[in-house]
Amino acid sequence: MWEFEERVRRCGKYIAEKNCTVRACAKALGTSKSTVHKDVTERLPFIDPALAEQVRKILEKNLSERHIRGGESTKRMYAAKRGEGK
């Protein structure tokens with residue numbers, strides 16, 4: 001198996017097991033977000049279609065929830081500036 005195929009499977013399995021974002025996967029595996037995204041959206045379907053479908057569902061859920069996470073992050077940031085986040 002080629003080295004990149006191992007990386008693609010590792011990224012897919014990590015996202016599926018941890019139910020995490022592309023950003024969290026990239027940080028944990030020490031690679032870039034763009035590499036992880038390309039691996040799981042373009043390469044994984046050819047290598048492991050079942051895993052790719054599982055990861056696709058997680059990424060769709062993350063996409064639909066990102067505005068909520070962004071709002072919570074902004075709320076915490078302003079609370080910390082006011083001294084409420086201690």
Notebook entry, point to check: What does the convex hull of the Cα atoms of the chain come to per residue, in Å³, rounded to a whole number?
Noted result: 100
Next item on the list: Rank HIS67, LEU51, CYS20 by how far each Cα sits towards the positive end of the charge dipole of segment 3-82 (+1 on Lys, Arg Cβ; -1 on Asp, Glu Cβ) and give me just the farthest.
Entry: HIS67
Notebook entry, point to check: For segment 3-82, how many pairs of lysine residues have a Cα-Cα distance under 19 Å, where the two are 8 or more positions apart or belong to different chains?
Noted result: 15
Margin query: On C-alpha positions alone, give me the angle between the axis of helix 49-82 and the longest principal axis of the chain, in degrees, nearest 10.
Written below: 20
Notebook entry, point to check: If you take the square roots of the eigenvalues of the alpha-carbon gyration tensor of segment 42-86 and sort them as a ≥ b ≥ c, do you get rounded (a/c under 1.5), prolate (a/b over b/c) or oblate?
Noted result: prolate
Notebook entry, point to check: Of LYS33, LYS61, LYS75, which is the most mobile in a GNM of the chain whose springs link Cα atoms less than 10 angstrom apart?
Noted result: LYS75
Notebook entry, point to check: If one computes the Cα centroid of segment 1-20 and of segment 25-71, what distance in Å separates the two points?
Noted result: 10
Check: Using unit Cβ charges (K, R positive; D, E negative) and no other charged atoms, how large, in debye to the nearest 20, is the dipole of the chain about its Cα centre?
Finding: 620
Notebook entry, point to check: Helix 3-18: angle to the longest alpha-carbon principal axis of the chain, degrees 0 to 90, nearest 10?
Noted result: 50
Next item on the list: Mind giving me the FRET efficiency for HIS67 and PHE4? R0 is 30 Å, r the Cβ-Cβ distance, nearest 0.05 is fine.
Entry: 0.35
Item checked: Net charge, VAL55 excluded, C-beta distance under 10 Å - Lys, Arg +1, Asp, Glu -1 -> -1
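Bear in mind these aren't lab numbers, they're just calculated from the coordinates by the rules spelled out. Keep in mind the model is a prediction, meaning the values are calculated, not measured. Here the Cβ is made from the backbone with ideal geometry for all residues, glycine too, and neighbour counts use every protein chain on show.
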